[in-house]
Every structure is written in structure tokens, then in C-alpha cells.
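The values are calculated or read from the model by the stated rules, or taken from the named source; none is laboratory data. As the structure is a computational prediction, the values presented were derived from the model and not from experiment. Cβ sites come from the backbone with ideal geometry, for glycine too, and all protein chains shown count toward neighbours.
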Amino acid sequence: KRAVSVDFVTVVSRLLTRHGNRVGGIFFSDRVDKVIPARGGRRQVLHLLDSMLAPRAVRRGATTDLSALLDAAIRIVPRRSLVFIVSDFLCQPGWGRAMRLLAHRHEVLGVRRYDPLEVELPDIGLVTLQDAETGENLFVDTHDAGFRRRFASQAEAREARLREDFAEAGVDALELATDEPLLDAIIRFAE
């Protein structure tokens, strides 16, 4: 998923800075890790990318609270801006209110990166799944059709909740799949 985010930020940042716009970033895990003030130019784009690619210490057991990032963005971004929230949006619920407040002040676009395997598991037998945030391992039998149905049902409910949150916040979402070219996703969104 990280490569999709890096590609998106590279393309958008380069397009914006070529036309004299400034770009910046707020990097977040379970708290604000780093703030890069908005500046223009190629060096700024490289600085953003370097920060995205830098290894980060993962705090196991801490879950992402997106509303804390959105509240921080409201405080940190002083002028009306175009704000891209690049995330998988697999986080604690309840971020819709904070997104709505951010969207009231700024133009906001949710950029959701996802892996199609998060929605539907293939029948590949016994596998160990690891929660990226908590580090918890779970041994599952994907050959079990009942398990795959329950997994798909929960994923469908999560997807519906996510779309409701975006609609409630009044924010559009660009969805970037890990198995799809970036250009295809951007064209589909523009249409």
C-alpha cells in the first residue's frame, strides 16, 4: 500500500509545484510524527518523498485515531488549502465529525488506498494474518467457505460505513487499489 501512496504524492506534488503551488505534509501514526511546512519547488517534493520513505518506529498495540490527525490539521494548516488525506482509513470510527470540520475550512479529498484482499479473501488454504497496527497474528483457514463469507460480510459492512462517513463529512474519496495503475484510478475518479 505504501508504494501506491508514494506514487500518488509524487505525481500530485510535482504537478502542483510545477505551477507555483506550495506543498507540505503532516505524517501521523497514533500521533503527529512530523510536520513539513508548505513550500514550493522540486526540493520540497523530494523532501516530502524522503520523509514518506524513511523508516518509522512502529508502536505495537496503538490503533490509528484519524480524528486526532484531522484535528491537528485544523490547527496546523493556517490558510484555506487543498488537503489530501492519504490513508487506508482502517482506523477507529468516529472521524466523520473532524473531517467535516476540516472540510468546512479547506477543500478536502480523501485518498483511500486499499488492497482488494482486504475485501475478499481468496481460497489459498491455511495462512497467518498479521494486524499491521497491533502486531497480533491470526491463523486462518481460507479454504473454509463460511469463514470467507463472514470475512466478506464484515468487509462489506466496513466499506458501507466508510462511504457513509465520507458522505456525512461531505468529502469525495479517490480510491487507489494496490493492483491497479494509478492513472486508471485518477481517470475513473475524474469521470
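Under the condition of being farther than 29 Å from THR63 by Cα, surrounded by fewer than 17 Cβ atoms within 10 Å (Cβ to Cβ) and of a type outside the set (Lys, Arg), the residues counted in the range 17-39 number 3.
For the range 166-178, the tally of residues that are modelled with pLDDT of 90 or more and of a type in the set (Asp, Glu) stands at 2. Restricting to the range 133-156, count the residues that are without any contact (Cβ under 8 Å) to a residue 12 or more places away in the chain and either within 24 Å of ASP30 (Cβ to Cβ) or among the charged types (D, E, K, R) (or both). Matching residues across the range 133-156 total 7.
Residues that are under 18 Å from the mean Cα position of the chain (by Cα) and farther than 17 Å from LEU90 by Cβ within the range 109-167 comprise LEU109, ALA167, listed in sequence order.
Specify which of the listed residues (VAL35, VAL83, VAL45) is free of Cβ contacts under 8 Å to residues at least 40 places away in the same chain and over 30 Å from GLU156 (Cα atoms). Outline the logic, then answer.
Values: VAL35 fails: free of Cβ contacts under 8 Å to residues at least 40 places away in the same chain; VAL83 fails: over 30 Å from GLU156 (Cα atoms).
Being free of Cβ contacts under 8 Å to residues at least 40 places away in the same chain and over 30 Å from GLU156 (Cα atoms) holds for just one of VAL35, VAL83, VAL45, which is VAL45.
When the range 14-39 is filtered for residues that are in contact with a Gly (Cβ under 9 Å, 6 or more places away or on another chain) and not charged (D, E, K, R), the ones remaining, listed by number, are LEU16, THR17, GLY20, ASN21, VAL23, VAL35, ILE36, PRO37, ALA38.
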